[in-house]
Each structure stands twice: as C-alpha cells, then as structure tokens.
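What follows is a set of notes on a single structure, which appears directly below.
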Amino acid sequence: MSLIIKVHHAIEDVPAAEWDACACPEGRPRNPFLTHAFLHAAEASGSAVPERGWQAAHICLEDDTGTLLAAAPAYIKAHSMGEYVFDQSWADAFQRAGGHYYPKLLSAVPFTPATGPRLLTRAEGEAGAVLRDQLIAGCLQAAQQLDVSSLHFNFLTRSEWERLGDLGLLQRMDQQFHWHNAGYGSFDDFLAELASKKRKNLKRERREAVENDIEIEWVTGADLTEAHWDAFYQFYIDTGSRKWGRPYLTREFFSRINESMAEEILLILCRRAGRYIAGALNFIGSDTLYGRNWGCIEDHRFLHFETCYYQAIEFAISRGLKRVEAGAQGAHKVARGYLPAATYSAHWIAHPGLKGAVAEYLTRERDWVAQDIEAVSEHSPFRHKEKSA
C-alpha cells in the first residue's frame, strides 16, 4: 500500500467524518478541541485565518484510495500569539542575528492550551505507532518544503513527546494546574480531604463570592441560546482587551460551536439584579472538563475563583469526570485543589546555530520546571500533607 502526504489549507477541505475517525475514534478519550467541528469553527469564523497570522496547513496521511489514515492539525504562523508555549525570545534572538523566524509551522489547536494528541491515527497499537512515525516524517517533509524556520508540536501527550525526542526533536516542559477527582460523591467529599485551614479558607471564599445576591447557573446543550453567547462575548471582550489588547475569537466563533457541539459546552454564568455579569466557558471531554475563557463586567471578590474553579469541580463531580484542566498558568490554583502537572512540546529548528542554542536552554529549563513542580506540590492543600508535617 502506498501512502501519500497532503497539506490542506482549510479544515473544510478534509471530510469531517474522515478527520474525526482519526481525531476521536470510538473507544478512545474524546478531546473536543481536536474535532472537525471545533477547528472548523475557529477557521470559518475568521478567528484562525491568514489575516490574523494563522494559515491552515493540516498534514494528512492518506492511502492510495484517498482514505485518511493519520493527521496533524497544523498552521503556518506569522507570529507566536495565541499559542501559550512562549518562543518569542527565540524569534527575537534569531532575528537580531539576521535570521527570519517567521513563518514557522505549528501543530496545535488555535488559542487552546490543553493537552491532547497531535499525531492523530485511525489505528491503535503497533499499526498506530507505525502511522505516527510516518506522519512525523510527513510533518518534517512539509516543514522543509514550506521553507519555514521551524516546526513546533504544542501540548503533546507524554508518549508523543517521548517519541519525538527519540527522533531528534528538542523537548520542552512547562506546567499547568489540574484538579483530580478521587471518586468524590459531592463537593463536601472533596472539602473533607483538605487540610483544615485550607478548607475554612475555601468555604469563606465561596460564601463571599456570591454574597452580593449573585446567582450562578450552568447552561449546556440545547439550553444554550444566542442571548447567552451575547452576554458571554461581552465578558470575553472586556477581559481579552485588558489582557492582550485584541481578543482572539470572533463573535461568530461562539455561534458556530453552539450549532455544532453544544453538548460538549458548559457555560457557567453569574447573574445579579436580573442581568448576567460574569461567566466562564468550559468544554466537556469524555473524562475531562476543560476551562477555557473567563470574563466579567462587574468585579466581585472571589467570583473568579468560584466560577472557574469551584463550580467546575462541582460539575466534574456531578458528571463523574476524572479531571478539571483550568487552563494556562496560575500557581494560585494550588490552594484551591489544583495540583501541578507537566505539559509538553517538541521543536524542530532548521538553523544549526539556533537549534544548538535552544537545545542548551531547554536542558536547563526542563530541570527548572521539574524542580518547580516538586516544590509547588509540597504546598498541596490536602490533609495527607498536614498529617506528615
């Protein structure tokens, strides 16, 4: 059987059923960000488009009948915004030395710092491993043919990261903070596992968050309406404008995900005096709740913690989900039950001098990250730390 590598410059050029057969086949954990619906919403809404520095270049491995066997979501990037794996210092150094870092090729989900497979295959086991290696070779071939400075795989699974390292790509580590469900039947069961001081602080935060007659509701599936999205978009625009100047997602993006994947969406909305004042957007995977965006038009102490962290925990417990991933950064999450977890990326750099400098830096950085994860873990709020102290 002969295999063909193709680069598609729009996800709509790949049949949805073919893509999803590789991205989220039945029997494997479902990651909503890898679905055709999510990627199509990002592109068709004008959020991840060439005019904004995101040129789709999805790398697909097909057999001689045209059947898609493996794929990697990928984009030619004209900048490093919206990626959450920060390589701007690499770009600056290379450009000061006379090189051109952009364009580069990125395998990732736009604007989404959530771990998941990037080397998507129909097959599992040994056959899947063979396809992944062929897809990696195809990605490297595409990077060279597209004449980009580098190829980056962001928020990989650990097994993919290890394999890419075996094949010579540079390995990078960072950390996020995740909540893990230890089989809790209720939020009170979770509270009971916390050290007494942490438990009291958390209860106080929850009380104070809603003391100004704030009501909180969960909205998902068929209950989601355009009115909900209008309200949430106000919050998103306000927060995004203050944080990075230009929010990444257009209003149309939210309408599109509402049409195509509403059952995989949870909006946690806060209402006061008859109007919505704050909210958090989450996506529901088969075993994980992914917190993505938060915003507000009124400032209330601890409301961010309540909406993004505590309500997410309550929802995960109610659905029997194993984990809450609350997004990038934020060591303040540790006191609220979210513990450090490593995240992984891998990098191919064409220029030998830049590659050598980055490789040396990443060796030190991995040690720093591992030490920081260990140190932060020592501040776990759970009772077993209290007993061992």
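The values are calculated or read from the model by the stated rules, or taken from the named source; none is laboratory data. What you see is a predicted model, and the numbers here were worked out from it, not measured in a lab. Neighbour counts run over all protein chains shown; Cβ positions are idealised from the backbone, glycine included.
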>> Can you go through Lys333, Lys322 and tell me which one is under 23 Å from Asp188 (Cβ atoms), in contact with a His (Cβ under 8 Å, 6 or more places away or on another chain) and not hydrophobic (A, V, I, L, M, F, W, C)?
In response: Lys322
>> Could you tell me how many of the residues in the range 178-201 are closer than 20 Å to Arg319 by Cα and surrounded by 16 or more Cβ atoms within 10 Å (Cβ to Cβ)?
In response: 7
> Mind checking whether some residue in the range 67-88 is within 19 Å of Ile257 (Cα to Cα) and among the aromatic types (Phe, Trp, Tyr)?
Replying inline: no
>> Can you go through Phe111, Phe155 and tell me which one is surrounded by fewer than 23 Cβ atoms within 10 Å (Cβ to Cβ) and either of a type in the set (Ser, Thr, Tyr) or in the same structural domain as Pro29 (by TED's automatic domain parsing) (or both)?
In response: Phe111
>> If a residue must be under 25 Å from Tyr290 (Cα atoms) and touching a residue at least 60 places away in the same chain (Cβ under 8 Å), how many such residues does the range 74-115 contain?
In response: 14
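A quick yes/no check of all residues on (1) β-branched (Val, Ile, Thr); (2) under 13 Å from Asp174 (Cα atoms); (3) at pLDDT below 95:
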residue	(1), (2), (3)
Glu325	no, no, no
Gly330	no, yes, yes
Lys333	no, no, yes
Tyr338	no, no, no
Ala346	no, yes, no
Ile349	yes, no, no
Arg366	no, yes, no
Ser377	no, no, yes
> out of contact with any Pro (no Cβ under 9 Å at 6 or more places or on another chain), at pLDDT below 95 and not assigned by TED's automatic domain parsing to the domain that holds Trp229 - does that describe any residue in the range 242-263?
Replying inline: no
> Is there any pair linking a residue in the range 270-294 that is in a loop (DSSP other than H, G, I, E, B) to one that is not charged (D, E, K, R), with Cβ under 6 Å and at least six apart or on different chains, and which?
Replying inline: Gly285/Asn31; Gly285/Pro32; Ser286/Pro29; Asp287/Pro29; Asp287/Leu321
>> Just checking, does the range 358-377 include any residue being in contact with a helix residue (DSSP H, G or I) (Cβ under 6 Å, 6 or more places away or on another chain) and either exposed (fewer than 15 other Cβ atoms within 10 Å of the Cβ) or among the small types (Gly, Ala, Ser) (or both)?
In response: no
> Based on what the data block shows, is Ile373 under 21 Å from Trp179 (Cβ atoms) and in the same structural domain as Thr157 (by TED's automatic domain parsing)?
Replying inline: yes
